[in-house]
Amino acid sequence: MNQTNSSAPAAEDINRHNSTPDRIQILTTMNENYLPRLQVLLTSIRINQPDEEMDIWLMHSGIPMGTLDPVARQCRHFGYGFHPVLIDGSAFAGAPVSRQYPREMYYRLLAPFFLPGDLHRILYLDPDILVINPLRPLWETDMKGNLFAAAAHTGKTELANNINQIRLRTDHPYFNSGVLLMDLALGRQEIIADEIFDYTREHAKELLLPDQDILNAMYGKRTLEIDDSLWNYDARNYNNYLLRSMGECDMDWVMSNTAILHFCGKAKPWQKGYIHRFGILYKHYEHLTGKINKGYV
């Protein structure tokens, strides 16, 4: 580990992986309750790019290995590498940790230090996502020397964006941290764990969405903006996208062009009463996942 990052967590021993540069590397973090969501995400990835080789990395705080078996079987069925990474809590001895600030919120920003050194790039995805078109164009994005590539959800007005800029004293768009293309090699050089912990401690009262706020406040200027309508489509806001695009981004456009549908917010499509229009699409992939788990396909 770089000496300037000596306070950052050390990498864990994890399964061997194929570090072929063209092989897409996917990272996610979650607790045990979200494992079924990961399986739906994996189904959507596989169906919409069946020829891609991938490795799936799961950073977690202690999910029992037996509980991970359904995900491991699904990855084997798809031909994906599956690499659960158990994070040692002692790595966060100096971090502000509480119910509001669980240690998991630091995982994605500090991922460069938990993943193997021969991984140079990874795509982080929240588990409440469907992938409905190929990820390869995003994976091959020229990051132009930035630490991250991410999208901003501005909606039909800039009001929320402006409020977040004032709140965090930034002058760039407010990036959503649910989809992050990460330059791991650069992160190992530039990200310092203690600086993140110190910022969290000093600005605790200002952080509404802690990990996302930290990304924006500390690394927003080192983040390349990508198109949210393609790479982080907020599934609640179909009408906003339609309005912003002057009618171009209709349902046919989304199904042909959008790669990542993100079910942001508290209401989720696997819950009863979900009202937004992409809920039925999520149910479709959930149904297919059930068939795969039962060996029907």
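The values are calculated or read from the model by the stated rules, or taken from the named source; none is laboratory data. Computed from a predicted model, the values in this text were never measured in an experiment. FYI the Cβ positions are ideal-geometry reconstructions off the backbone, even for glycines, and counts take in every protein chain you see. Only protein heavy atoms, including side chains, enter the accessible area calculation; ligands, DNA and RNA are left aside. Shrake-Rupley method; radii C 1.70, N 1.55, O 1.52, S 1.80 Å.
Just to confirm my numbers, what's the Cα centroid distance between segment 232-297 and segment 72-102 in Å?
26
Accessible area per residue for the chain in Å², computed with a 1.4 Å probe and the full protein assembly in place, what is it?
Per residue, the chain has 46 Å² of solvent-accessible surface.
Count the lysine pairs in segment 24-294 whose Cα atoms lie under 20 Å apart, taking only pairs 8 or more positions apart in sequence or on different chains. If you can, show how the numbers build up before the last one.
Numbers: LYS144/LYS221; LYS266/LYS283; LYS268/LYS283; LYS272/LYS283; LYS283/LYS291; LYS283/LYS294.
Counting lysine pairs in segment 24-294 gives 6.
Work out the FRET efficiency for ASN293 and ARG136 from their Cβ-Cβ distance, taking R0 = 35 Å, and round it to the nearest 0.05.
0.85
Given an 8 Å cut-off on Cα distances and at least 6 residues of separation, report the relative contact order of segment 200-263 as a percent. List each step's numbers first, then the result.
Details: 37 pairs, mean separation 21.6, N = 64.
RCO, segment 200-263: 34 percent.
Among [x] 1.32; [y] 1.03; [z] 0.97, find the value of Cα Rg over 2.2 N^0.38 Å that was calculated from the structure presented, and write down its label.
It is the value labelled [z].
Considering the options LEU147, TYR80, CYS264, tell which one lies farthest towards the positive end of the dipole of segment 24-294, charges being +1 on Lys and Arg and -1 on Asp and Glu at the Cβ, about the Cα centre.
In segment 24-294, that residue is CYS264.
For the chain, which whole percent of the accessible surface, found with a 1.4 angstrom probe, sits on carbon and sulfur atoms?
Taking all protein chains in place, the chain shows 51 percent carbon and sulfur surface.
For the chain, what relative contact order do you get, as a whole percent, if you take Cα pairs closer than 8 Å and at least 6 residues apart?
It rounds to 22 percent for the chain.
What number comes out for the charge environment of ARG103, summing +1 per Lys or Arg and -1 per Asp or Glu over other residues with Cβ under 13 Å away?
-1
What does the charge count around MET30 come to, taking other residues whose C-beta lies under 10 Å from its C-beta (Lys +1, Arg +1, Asp -1, Glu -1)?
Charge balance in the 10 Å sphere: -3.
Measuring from a point 7 Å past the Cα of ALA204 along Cα-to-C-beta, which residues in segment 102-135 have an amide N at less than 14 Å?
Answer for segment 102-135: 102-103.
Counting each DSSP H run of 4 or more residues in the chain as -39500 (n - 2.57), what helix-only mean residue ellipticity at 222 nm follows after dividing by all residues, to the nearest 500 deg cm²/dmol?
Details: 11 runs with 98 residues, N = 297.
After summing the helix terms and dividing by the residues of the chain, the value is -9500 deg cm²/dmol.
Using label points projected 7 Å from each Cα along Cα→Cβ, tell me how many nm separate THR67 and ASN33, to one decimal.
Going from the THR67 label point to the ASN33 one covers 1.1 nm.
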